[in-house]
1. For the stretch A:58-81, how many residues meet the condition of being assigned to a helix (DSSP H, G or I) and away from every other protein chain (no Cβ under 14 Å)?
2. Of (1) within 11 Å of DNA strand C (Cβ to nearest atom); (2) touching a His at 6+ places or on another chain (Cβ under 8 Å), B:Val30 satisfies all except one. Which?
3. Somewhere in the stretch B:7-15, is a residue under 22 Å from A:Ser21 (Cα atoms), within 12 Å of DNA strand D (Cβ to nearest atom) and either within 14 Å of chain A (Cβ to nearest Cβ) or not hydroxyl-bearing (Ser, Thr, Tyr) (or both)?
4. Specify which of the listed residues (A:Gly102, A:Gly47, A:Gly65, A:Gly20) is small (Gly, Ala, Ser), on the phi > 0 side of the Ramachandran plot and modelled with pLDDT of 95 or more.
5. Looking at B:Ala33, B:Ala98, B:Ala105, B:Ala50 in this structure, which one is more than 27 Å from A:Ser21 (Cα to Cα), surrounded by fewer than 19 Cβ atoms within 10 Å (Cβ to Cβ) and within 14 Å of chain A (Cβ to nearest Cβ)?
6. Among the aliphatic types (A, V, I, L, M), open to solvent by 40 Å² or more (accessible area, probe 1.4 Å) and more than 14 Å from chain B (Cβ to nearest Cβ): is that true of A:Ala87 in this structure?
7. If B:Ser72 passes every condition in (1) out of contact with any Leu (no Cβ under 9 Å at 6 or more places or on another chain); (2) closer than 22 Å to B:Gln9 by Cβ; (3) polar (S, T, N, Q) but one, which one does it miss?
8. Can you give me the number of residues within the stretch A:63-81 that are under 12 Å from the mean Cα position of the chain (by Cα) and either open to solvent by 50 Å² or more (accessible area, probe 1.4 Å) or more than 22 Å from B:Gly102 (Cα to Cα) (or both)?
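The values are calculated or read from the model by the stated rules, or taken from the named source; none is laboratory data. From a predicted model like this one, the values you see are computed outputs, not experimental measurements. Here the Cβ is made from the backbone with ideal geometry for all residues, glycine too, and neighbour counts use every protein chain on show. Heads up: the accessible areas ignore ligands, DNA and RNA and are worked out on the full protein's heavy atoms, side chains in. Shrake-Rupley method; radii C 1.70, N 1.55, O 1.52, S 1.80 Å.
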Number of protein chains: 2
Amino acid sequence: MSRHPDRDQIRIESVLSALGSPVRLAVVRVLDAGGEHNCGSVLGLLGITAKSTMTHHWRVLRESGVIWQHPSGRENLLSLRRDDLDARYPGLLDAILAGADGDEALEKARRLMSVGGRDRSET
Amino acid sequence: MSRHPDRDQIRIESVLSALGSPVRLAVVRVLDAGGEHNCGSVLGLLGITAKSTMTHHWRVLRESGVIWQHPSGRENLLSLRRDDLDARYPGLLDAILAGADGDEALEKARRLMSVGGRDRSET
DNA sequence: TCGACTGTACTAAGGTTGCCGAACAAAGCA
DNA sequence: TGCTTTGTTCGGCAACCTTAGTACAGTCGA
């Protein structure tokens, strides 16, 4: 069932395309904040969706080497492979997570602007 | 024709998914190495492909904010938006480019190993 | 002005991805 | 021994991505 790549089998294209999806990037942000989660708890934090949909995303993240996923009792625990990613791609994960935070803040600020004042004449 | 996002319209998911494709990552590596290229020269360096295919990739890179593309005479010059990307996502591009180099080196080393000695009993 | 050159626009096939519901498997609890 | 919880697997469907072929538009040189 597992299919985790070894550290040296991780390819940056897989990592980037795995993280190029809003849902999966959100997952990684959640996992980065806390330690281990089971699938359901992350699913809850994202406000979505069908379990089978997430199973799909777990696989993409797992097979690209971004997360560990190991069964524990009847749950399936998820955690970021931070050590491996940092070893292979120093600074990558930090830059991505910081970037995601920045995007979110910028988005939030933009929303406030467009409610309070008039938006600066953007189409 | 253009459709370049402003610096503050760039979203990290778009950047990541744009760079999550081997072809486009290769393009960015080429652009990072040199200054300005026209489309054809990059196409040549990649050893591939139909021009219309690359036009598609230029658009993805352009609309995600990764490259500038501006006409000059009958050519269309391409360049990395390094300043914008570095401003929005400090360290991201460096990490990705270094990672791509690392992957390539590792791959090359692995090929040598499996020719010279026997591969270490993988699958 | 004509022709070569550079790249885009349009179109289409084939594959991949994302999403979901239903059925299933395994672990824990009563 | 059943029932519940937790996720997975499977099948199907729509949307998107990648690739390429063909036709076209703009620019430069002769």
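1. Within the stretch A:58-81, the subset assigned to a helix (DSSP H, G or I) is A:58-63.
Cutting the leftovers down to away from every other protein chain (no Cβ under 14 Å) gives us A:58-59, A:62.
Counting residues in the stretch A:58-81 that are assigned to a helix (DSSP H, G or I) and away from every other protein chain (no Cβ under 14 Å) gives 3.
2. The number of the failed condition is (1).
3. yes
4. A:Gly65
5. Of the residues listed, the single one that is more than 27 Å from A:Ser21 (Cα to Cα), surrounded by fewer than 19 Cβ atoms within 10 Å (Cβ to Cβ) and within 14 Å of chain A (Cβ to nearest Cβ) is B:Ala105.
6. No.
7. (2)
8. Result for the stretch A:63-81: 2.
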